[in-house]
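S.K.: Take a look at the following structure, please.
Every read-out reported here was derived from the displayed coordinates using simple, explicitly stated rules and does not represent laboratory data. Given the structure is predicted, the values throughout are model-derived calculations rather than measurements. We place every Cβ from the backbone using ideal geometry, glycine too, and count neighbours over all the protein chains shown.
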Amino acid sequence: MKSLTLLLVGLLFFSSCAPQKSRPTATREDIEKLASQFWAAHEKGDVESLATMVTEDVIVMVPNADDLRGRSAVKQAMSQMYAAMKVTDFAIQTREIDICDSTAYELATYTENLNFAGKPPQPVRGRYLLVWKRQPNQSWLVHRNLFNLAAGVHP
């Protein structure tokens, strides 16, 4: 009985990830292009562009801080962050992109320099997981963003 239950759960999981024929499926290249736009806006400190690339109910899980919940909270936090510093030399090294119907998972590492006024640039290394969600209009937006810093990095 236990093995039958596990088999049924496995079948349900894998069948839920099968692409649906009524909607086009994104490719790895589509998600990489969106991620490039997202991170370019981050490096420019472009809060308005970033806000258009996240869902209304986005959750950003920030290291050593409370979660940012919702587009307006993200806009407020990003505005404060970019007022205090400038991001330069941002680069990602994508490790994995998995697409499951209307959800895409992007797992990567990144490097950047944080530039605070009057101080030398602070190099940062970290990793992130972005969860992209397809919207009713077929666009893709960041729904969840979880990131942390590599061991020994403290900006």
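S.K.: Do you know which residues across the range 50-59 are surrounded by 20 or more Cβ atoms within 10 Å (Cβ to Cβ) and in a strand (DSSP E or B)?
M.R.: Val54, Val58
S.K.: Something else about it: Does Ser139 satisfy being among the polar types (S, T, N, Q) and either touching a residue at least 24 places away in the same chain (Cβ under 8 Å) or crowded, with 17+ Cβ neighbours inside 10 Å (or both)? Even if it seems obvious, please write down each step before you answer.
M.R.: Details: among the polar types (S, T, N, Q): yes; either touching a residue at least 24 places away in the same chain (Cβ under 8 Å) or crowded, with 17+ Cβ neighbours inside 10 Å (or both): no.
So Ser139 does not fit the description; no.
S.K.: Out of the range 68-88, which residues are surrounded by 13 or more Cβ atoms within 10 Å (Cβ to Cβ), in a strand (DSSP E or B) and more than 16 Å from the chain's Cα centre (by Cα)?
M.R.: Within the range 68-88, Met85, Lys86, Val87 qualify.
S.K.: Mind checking whether some residue in the range 107-124 is within 21 Å of Val60 (Cβ to Cβ), touching a residue at least 60 places away in the same chain (Cβ under 8 Å) and surrounded by fewer than 17 Cβ atoms within 10 Å (Cβ to Cβ)?
M.R.: no
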